[in-house]
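Student: Encoded as structure tokens, here's the structure I'll be asking about.
We did not get these values from a lab; they are worked out from the coordinates using the rules stated. Remember, it's a predicted structure, so these values are computed and weren't measured experimentally. Cβ coordinates were reconstructed from backbone atoms using ideal geometry, including for glycine residues, and neighbour counts include every protein chain displayed.
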Amino acid sequence: MTEPLLAINDLRVAFATPHGLVRAVDGVSLDVRPGECLGVVGESGSGKSVTFAAVMGLIRPPGRIESGSIRFDGRELVGLDRVDYRSLRGRDIAMTLQDALTSLNPALTVGTQITEVLLAHAEDLPSGRHARHREARARAIEMMHLVGIPAAEHRLGDYPHQFSGGMRQRMMIAIALSCRPRLLIADEPTTALDVTIQAQVLELIAGIRATLGMSVALITHDLGVVAEYCDRVAVLYAGQIVESGPTASVIGAPRHPYTAGLLASVPMLSNLDRRIRPIDGQVPGLVDLPPGCRFLPRCPHAAPVCVSTIAMRALEHDRAVRCVR
Amino acid sequence: MTALLEVENLVKHYEVGGGLLPRLLGHKQPRVQAVNGVSLAIRAGETLGLIGESGCGKSTLGRAILRLHEPDSGTIRFAGTDVVGLDAAAMKAMRRRMQIIFQNPYASLNPRKTVADILAAPLRLHGVAAGPALRERVMAMLAAVGLSAEHASRYPHQFSGGQRQRIGIARALILNPEFVVCDEPVSALDVSIQAQIIDLLARLKRDFGLTYLFISHDIAVIGYVSDHVAVMYLGQIVESGPARAVLRAPQHPYTRALMSAVPRIDRARQGEPQIRLHGDLPSPMNPPAGCRFHPRCAFATGICRATPPPLRQLDAMHSVVCHHFPEVMP
């Protein structure tokens with residue numbers, strides 16, 4: 001098998017809080033392979049966003065990477081100094097955040113925000129100051145065209161609030177893609193958007209991925225989005241991966257009771273007569289968790305063995321599950 | 001069965017911007033046409049699902065029906081009474097029978113009140129119960145929404161999102177209303193909790209004989225909970241009918257595009273022709289002439305740009321507002 005582009009191994013991230021140490025990411029291992037789209041699914045507090053904030057080097061006190069390794073193209077990122085990280089972020093790895101309105105700077109035009117990335121990272125810009133800016137501007141317009149922003153050359157001077165929600169999300173994707181990163185981390189890129197706009201944005205990401213040969217980590221809570229746009233999926237629960245594998249086989253035949261519970265709890269448009277079955281109880285707090293399976297209190301198949309530490313185990317066909325069943 | 005709620009030609013516009021001086025000078029203010037001539041009916045014991053994207057006016061419609069926003073014109077008949085004409089005292093009495101559950105369980109509960117206070121407030125306000133009887137009723141309601149007696153003395157911040165929504169539901173139901181507007185009641189919740197709340201709302205509807213107007217942007221949720229559905233676009237209803245009929249065979253080009261855009265877990269739509277809408281929702285301040293959907297519609301012709309489309313009946317229950325119905329339909 002080819003080397004993964006991103007390899008996270010046994011990552012642990014904790015936050016010191018007045019209530020105790022919150023282990024937000026507790027032994028997460030996952031790969032993003034060249035050219036693939038990995039879906040990362042989980043509910044609030046599952047650790048999906050923190051995992052990728054760690055990849056971007058964005059964990060700040062009181063948060064701390066306690067142990068583990070994050071290798072990008074063979075290079076270790078845990079402990080990388082700020083200068084090296086700056087040259088990596090935006091150029092090789094880019095991230096889009098859920099809320100485009102609060103992620104873009106309201107006081108700068110979108111043109112300034114996109115050319116800033118190009119001026120900082122693009123290596124093949126001409127050397128003269130004016131020529132550099134002219135080229136960065138031309139590339140910014142090209143990228144805005146690529147993400148489907150109409151009349152891009154006229155909109156460079158606009159501020160974020162002058163764009164609609166869908167257009168702001170496109171703008172953030174344009175900024176993330178401006179230096180043609182090898183890995184795009186898209187954190188809930190469509191959660192704030194309406195379904196018709198969501199479809200436009202997801203197809204845009206899929207199209208650009210195919211054109212640029214980029215890898216994508218798509219963080220979402222929507223299993224429908226995963227089913228339609230991701231090659232493989234990793235399901236997180238309370239800071240741990242509970243199941244991973246090729247999307248169609250995980251969704252078609254889930255092995256972890258949590259994955260099965262999630263699938264059973266959403267209404268399906270194609271089968272409205274199917275009764276939905278909620279998962280009882282709630283996600284546990286992440287302070288002082290017992291060693292056993294974290295899903296145990298909500299699990300319909302709980303057994304005595306589940307109170308001991310459950311490791312991820314590999315199954316056939318590129319699948320893995322953290323369950324003894 | 002007759003309708004419990006009948007809304008006819010309801011209009012609600014908002015004035016926006018412009019500032020005080022132009023207003024004093026009597027200049028014409030820009031107006032958002034949030035709800036523009038909506039008619040609907042809900043029979044007792046049924047759920048009408050209202051689908052639409054952000055900005056289509058569905059929440060304004062829900063609130064205007066309860067007169068939380070005063071409608072500009074139109075009639076709202078609830079159990080035979082025209083609610084629009086009621087004075088403050090009569091409206092207050094009517095509110096016991098019509099309640100609302102809000103979308104955001106974080107913003108809609110007073111953080112300084114205990115759960116017991118939050119639930120007792122409507123009972124006190126309407127003079128329904130006091131003393132031990134009031135406490136008994138609060139406890140019974142808590143139990144009905146799946147919370148326990150020990151929760152009564154806690155504050156909203158001590159609860160998870162799903163539990164807070166249970167408190168919001170308990171507050172709406174404590175006066176024993178007949179009709180409840182559920183305004184995106186599960187949109188702010190995690191997937192596994194959404195199903196718990198959907199189940200709870202279904203059970204309460206059965207136990208208390210409720211009638212719901214269920215507002216959501218999630219078509220699968222609407223399809224699951226509703227007897228009838230209405231699809232709203234830019235302040236108007238473009239299609240309505242029995243839920244199964246509309247969602248199995250959507251007729252309006254907008255309904256079809258909306259359904260086509262929903263990502264499917266079972267990838268069931270693969271092989272179906274996909275309809276992609278281009279562009280964003282036009283501004284409700286300056287909606288397109290003719291059919292409001294025409295700039296995004298693949299079937300639009302000259303008449304769509306010039307004349308508002310008529311309401312056409314597919315059958316007794318299912319209606320579509322489109323010039324080209326039924327000839328463009330598959």
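Student: Just order B:224-230, B:26-32, A:86-92, A:158-164 by mean Cβ neighbour count inside 10 Å, highest at the front, would you? Display every interim value, and only then the final one.
Tutor: Values: B:224-230: 23.4, B:26-32: 12.4, A:86-92: 17.3, A:158-164: 15.4.
Top to bottom by mean Cβ count within 10 Å: B:224-230, A:86-92, A:158-164, B:26-32.
Student: Straight-line reach only, C-alpha to C-alpha below 18 angstrom: list the aspartates and glutamates that B:Lys28 could link to, leaving out same-chain residues fewer than 8 apart.
Tutor: B:Glu15, B:Asp72
Student: Let a ≥ b ≥ c be the square roots of the eigenvalues of the Cα gyration tensor of region B:254-326; is it rounded (a/c under 1.5), or, if not, prolate (a/b larger than b/c) or oblate? Let's see the in-between values first.
Tutor: On the way: a/c = 2.23, a/b = 1.37, b/c = 1.63.
Cα axes put region B:254-326 in the oblate bin.
Student: Next question. Rg/Rh for region A:105-180 to two decimals, with Rh computed the Kirkwood way over all alpha-carbon pairs. All intermediate terms of the calculation are to be shown ahead of the outcome.
Tutor: Values: Rg = 11.7 Å, Rh = 12.2 Å.
Over the Cα atoms of region A:105-180, Rg/Rh equals 0.95.
Student: Applying a 10 Å radius around every beta-carbon, put B:188-195, A:36-43 in order of their mean neighbour count, most first.
Tutor: Taking the mean over residues of other Cβ atoms within 10 Å, the ranking is A:36-43, B:188-195.
Student: Near A:Leu296, within a Cβ-to-Cβ distance under 13 Å, what is the net charge of the other residues, with Lys and Arg +1 and Asp and Glu -1?
Tutor: Details: positive: A:Arg294, A:Arg298, A:Arg322, A:Arg325; negative: A:Asp280.
Around A:Leu296, the surrounding residues sum to +3.
Student: Convert each backbone phi in region A:15-32 into a coupling constant with the Karplus relation 6.51 cos²θ - 1.76 cosθ + 1.60 (shift: θ = phi - 60°), then list the ³J(HN,Hα) values in order as whole Hz, x for Gly and Pro.
Tutor: Values per residue, Gly and Pro as x: 10, 7, 10, x, 8, x, 7, 8, 8, 6, 10, 10, x, 8, 10, 7, 10, 10 Hz.
Student: Please label the shape of the protein assembly as shown as rounded, prolate or oblate, based on the square roots a ≥ b ≥ c of the eigenvalues of the alpha-carbon gyration tensor (a/c under 1.5 means rounded; beyond that, a/b larger than b/c means prolate, else oblate). Display every interim value, and only then the final one.
Tutor: On the way: a/c = 1.71, a/b = 1.23, b/c = 1.40.
Oblate.
Student: What is the distance in Å between the Cα centres of region A:245-320 and region B:105-139?
Tutor: So the two Cα centres are separated by 37 Å.
Student: Continuing with this model, one more query. Taking amide H positions as placed in the peptide plane 1.01 Å from N, state which residues far from A:Arg89 in sequence (5 or more) or on other chains have amide H under 5 Å from it.
Tutor: Amide H neighbours of A:Arg89, under 5 Å, 5+ apart: none.
Student: Using modelled backbone amide H atoms (1.01 Å from N, in-plane), which distant-in-sequence or interchain residues come within less than 5 Å of B:Ala41's amide H?
Tutor: Amide H neighbours of B:Ala41, under 5 Å, 5+ apart: B:Val7.
Student: Mind checking A:274-281 for the average number of partner chain beta-carbons within 10 Å of each residue's beta-carbon?
Tutor: Details: counts 1, 2, 9, 2, 11, 6, 2, 4.
Average per residue, whole number: 5.
Student: So, R0 is 35 Å and r is the distance between the beta-carbons of A:Thr102 and A:Ala206; what FRET efficiency does that work out to, to 0.05?
Tutor: On the way: r = 26 Å, r/R0 = 0.73.
Efficiency at R0 = 35 Å is approximately 0.85.
Student: Which peptide among B:213-221, A:140-148, B:153-161 comes first, and what is the full order, when sorted by highest mean count of other Cβ atoms within 10 Å? Spell out each step's value before the answer.
Tutor: Values: B:213-221: 23.3, A:140-148: 20.1, B:153-161: 15.2.
With the highest mean Cβ count within 10 Å placed first, the list reads B:213-221, A:140-148, B:153-161.
Student: Given a Förster distance of 45 angstrom, what is the FRET efficiency for B:Thr81 paired with A:Tyr159, based on the Cβ-Cβ distance and rounded to 0.05? Could you put the intermediate results ahead of the total?
Tutor: Values: r = 49 Å, r/R0 = 1.09.
Using R0 = 45 Å, I get an efficiency of 0.35.
Student: For a quick check: with amide H placed at 1.01 Å from N, whose amide H comes under 5 Å from A:Leu11's, ignoring anything fewer than 5 positions away on the same chain?
Tutor: Placed amide hydrogens put A:Gly27, A:Val28, A:Ser29, A:Ser69 under 5 Å from A:Leu11.
Student: Over 28 Å between C-alpha atoms is what I'm after, so list which of B:Lys58/B:Lys205; B:Lys12/B:Lys113; A:Lys48/B:Lys58 land there.
Tutor: Working: B:Lys58/B:Lys205 21 Å; B:Lys12/B:Lys113 33 Å; A:Lys48/B:Lys58 33 Å.
Too far apart for the 28 Å limit: B:Lys12/B:Lys113; A:Lys48/B:Lys58.
Student: Another question, if that's okay. Show me, for region A:278-283, the HN-Hα J-couplings you get by feeding each phi into the Karplus relation (A = 6.51, B = -1.76, C = 1.60, θ = phi - 60°), rounded to Hz, glycine and proline as x.
Tutor: x, 8, 5, x, 9, 4
Student: Using just the helices of chain A, give the 222 nm mean residue ellipticity in deg cm²/dmol: DSSP H runs with n ≥ 4 each add -39,500 (n - 2.57), and the total is spread over all residues, rounded to 500.
Tutor: Value at 222 nm, helices only, nearest 500: -9500 deg cm²/dmol.
Student: Using a/c under 1.5 as the rounded threshold, could you call region B:55-209 rounded, prolate or oblate? The axes a ≥ b ≥ c are square roots of the C-alpha gyration tensor eigenvalues, and prolate needs a/b larger than b/c, oblate otherwise.
Tutor: Details: a/c = 1.84, a/b = 1.29, b/c = 1.43.
Because a/c hits 1.5 or more and a/b fails to exceed b/c, region B:55-209 counts as oblate.
Student: Using only the Cα atoms of region A:233-319, what do you get for the radius of gyration and for Dmax, in Å?
Tutor: 14.0, 42
Student: Can you work out the Karplus-derived ³J(HN,Hα) for every residue in region B:209-221? Use 6.51 cos²θ - 1.76 cosθ + 1.60 with θ = phi - 60°, whole Hz, and x for glycine or proline.
Tutor: So the J values, rounded to whole Hz, are x, 8, 10, 10, 9, 9, 9, 7, 9, 8, 5, 5, 5.
Student: So what's the back-of-envelope 222 nm ellipticity for chain B, counting only DSSP H runs of four-plus at -39500 (n - 2.57) apiece and dividing by all residues, rounded to 500? Don't skip to the end; give the middle numbers.
Tutor: On the way: 11 runs with 104 residues, N = 330.
It comes out at -9000 deg cm²/dmol, rounded to the nearest 500.
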